[in-house]
Amino acid sequence: MKKSTMTVRPVQDLSGAAAYRPTPPPAWKPRTDPAPLLPDSEPHRVLGTDAAARLDAGLMRRLYAELVRGRRYNAQATALTKQGRLAVYPSSTGQEACEVAAALVLEERDWLFPSYRDTLAAVVRGLDPVQALTLLRGDWHTGYDPREHRIAPLCTPLATQLPHAVGLAHAARLKGDDVVALAMVGDGGTSEGDFHEALNFAAVWKAPVVFLVQNNGFAISVPLAKQTAAPSLAHKAVGYGMPGRLVDGNDAAAVHEVLAEAVERARRGGGPTLVEAVTYRIEAHTNADDATRYRGDAEVEAWRAHDPVQLLERELLERGMLDEDGVREAREAAETMAARLRDRMNADPVLDPMDLFAHVYAEKTAQLREQEALLRAELDAEDER
């Protein structure tokens, strides 16, 4: 075989190759200084510290009244499941400080993006308690108009509300609207891909959104240690280029303070913040869960000693910001709310099966119209019988 006499030239010598020649890399440095983004080594606290002396008495009494009402709301909703008036209820007992603070830091024009456990936050924001429980009763898709209340639909799939919050916040920023979105999620939701996507987009776009992670220790029965090896969930923020804040989720004053700072930062164009609130779910995951299979009574009792309602009540009484009359009034108001909720939920709702096809699409698809006609024919036949 005749050997080729063609000369092989280095790629750098070929015509037009100059543009592709490698150049020495610049000195590497972080895109963002990570130090200001790192959370504190311990959760931020206010109650029981010197900072409590500077508390706003009016705000603290409002927080306290809502905590007391929230605790009673949780107890009543749980009782309704046992009476067959609710299909399921994911209680936020023990997490009321997070729920209440999240609702109170927002302006009327802002948006709340709750998960399925956050009906209390929606109620504190002004939603009718019966409307908040309608989805969990199985009566309606949502139970309220999200646009009217600036509360996104309660989200049962884990973390899918987070990209929605980012999208709304980014759109508001592009339009020049002074709107902040606050998205709530549990520690289990941080293991979902939606969590990653939402935080990445939010940081790149500097979207005015605050992510509140309620770390209650368990994703149903899976403890946090089996979900992540991160120092804390707040540390995850650094990887996305946003600040991470770690707060005692049972200290209502501290949660309100941290969230208020994050909301204000977002509003003035500073971008998103990830807040991890360390708290505990006192009740089972839902009324269908047996929590004794994965945690002991001693652990639950230890957290009962760090109860958010008792922590705030004790601090306010000691500092003269609350008296026994105030405690009694808050409890009486909570009982009145619970009685009204119980009476209204005990009334059988009047439901139209054809509502299944309402508010699914702006214009009904051919398949949806076919299903609607089929159900109508079945109902008409039932009436004739």
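The values are calculated or read from the model by the stated rules, or taken from the named source; none is laboratory data. Since this is a predicted model, take the numbers as computed values, not measurements. We place every Cβ from the backbone using ideal geometry, glycine too, and count neighbours over all the protein chains shown. Side chains are part of the model used for accessible areas, which takes the heavy atoms of the whole protein and leaves out ligands, DNA and RNA. Shrake-Rupley method; radii C 1.70, N 1.55, O 1.52, S 1.80 Å.
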Inset, instruction - Find all pairs meeting these conditions: Cβ atoms under 9 angstrom apart; at least six residues apart or on different chains; first residue within segment 185-196 and in contact (Cβ under 8 Å) with a residue 24 or more places away in the chain and outside the structural domain of A225 (by the TED database); second residue surrounded by 24 or more Cβ atoms within 10 Å (Cβ to Cβ) and among the polar types (S, T, N, Q). - result: none
Legend entry - Flag for V213 being more than 18 Å from T32 (Cβ to Cβ) and surrounded by 22 or more Cβ atoms within 10 Å (Cβ to Cβ): yes
Inset, instruction - Please name all residue pairs, on different chains or six or more residues apart, with Cβ atoms under 7 Å, provided the first residue is in segment 57-75 and is closer than 21 Å to A339 by Cβ and in a helix (DSSP H, G or I) and the second residue is open to solvent by 20 Å² or more (accessible area, probe 1.4 Å) and among the acidic types (D, E). - result: Y64/E313; R72/E335
Legend entry - helices (runs of 4 or more DSSP H) enclosed by segment 288-385 - at least 3 residues per element that are over 21 Å from G58 (Cβ atoms): 297-304, 324-345, 366-384
Inset, instruction - Might you check whether a residue that is at pLDDT below 95 and not hydroxyl-bearing (S, T, Y) occurs anywhere in segment 196-217? - result: yes
Legend entry - Condition met for V124 (within 17 Å of the chain's Cα centre (by Cα) and among the hydrophobic types (A, V, I, L, M, F, W, C)): yes
Inset, instruction - Tell me, please, whether a residue that is farther than 24 Å from H149 by Cα, under 22 Å from the mean Cα position of the chain (by Cα), open to solvent by 10 Å² or more (accessible area, probe 1.4 Å) and hydroxyl-bearing (S, T, Y) can be found in segment 110-118. - result: no
Legend entry - T142 vs. criteria more than 18 Å from the chain's Cα centre (by Cα) and without any contact (Cβ under 8 Å) to a residue 24 or more places away in the chain: no
Inset, instruction - Scan (1) within 25 Å of the chain's Cα centre (by Cα); (2) part of a helix (DSSP H, G or I) for the single condition A51 breaks and write down its number. - result: (1)
Legend entry - Unmet criterion (only one of (1) within 20 Å of the chain's Cα centre (by Cα); (2) open to solvent by 50 Å² or more (accessible area, probe 1.4 Å)) for A97: (2)
Inset, instruction - From (1) farther than 23 Å from V204 by Cα; (2) among the aromatic types (F, W, Y); (3) in contact (Cβ under 8 Å) with a residue 60 or more places away in the chain, pick out the condition that doesn't hold for W111. - result: (1)
Legend entry - Number of the exception - T190 against (1) more than 15 Å from the chain's Cα centre (by Cα); (2) open to solvent by less than 40 Å² (accessible area, probe 1.4 Å); (3) of a type in the set (S, T, N, Q): (1)
Inset, instruction - Identify the residue in segment 262-285 that is under 21 Å from G239 (Cα atoms) and of a type outside the set (A, V, I, L, M, F, W, C) and, among all such residues, is most open to solvent (accessible area, probe 1.4 Å). - result: R265
Inset, instruction - Among the candidates R304, R293, single out the residue that is under 24 Å from Y64 (Cβ atoms) and surrounded by fewer than 23 Cβ atoms within 10 Å (Cβ to Cβ). - result: R304
Inset, instruction - Being in contact with an Asp or Glu (Cβ under 9 Å, 6 or more places away or on another chain) and part of a helix (DSSP H, G or I) is the filter; apply it to segment 219-247 and report the residue that is surrounded by the fewest Cβ atoms within 10 Å (Cβ to Cβ). - result: H235
Legend entry - Unique match (being free of Cβ contacts under 8 Å to residues at least 24 places away in the same chain and over 18 Å from A198 (Cβ atoms)) among L174, L104, L135: L135
Legend entry - Flag if A288 is modelled with pLDDT under 95 and open to solvent by 50 Å² or more (accessible area, probe 1.4 Å): yes
Inset, instruction - Test F201 against the stated conditions and say whether it is farther than 26 Å from G138 by Cα and either among the polar types (S, T, N, Q) or open to solvent by 70 Å² or more (accessible area, probe 1.4 Å) (or both). - result: yes
Legend entry - Candidate set: segment 334-385, residues that are of a type in the set (S, T, N, Q) and closer than 28 Å to R69 by Cα; chosen: the one surrounded by the most Cβ atoms within 10 Å (Cβ to Cβ): T336
Inset, instruction - Could you pull out the residue among V210, V278 that is more than 30 Å from G176 (Cβ to Cβ) and of a type in the set (A, V, I, L, M)? - result: V278
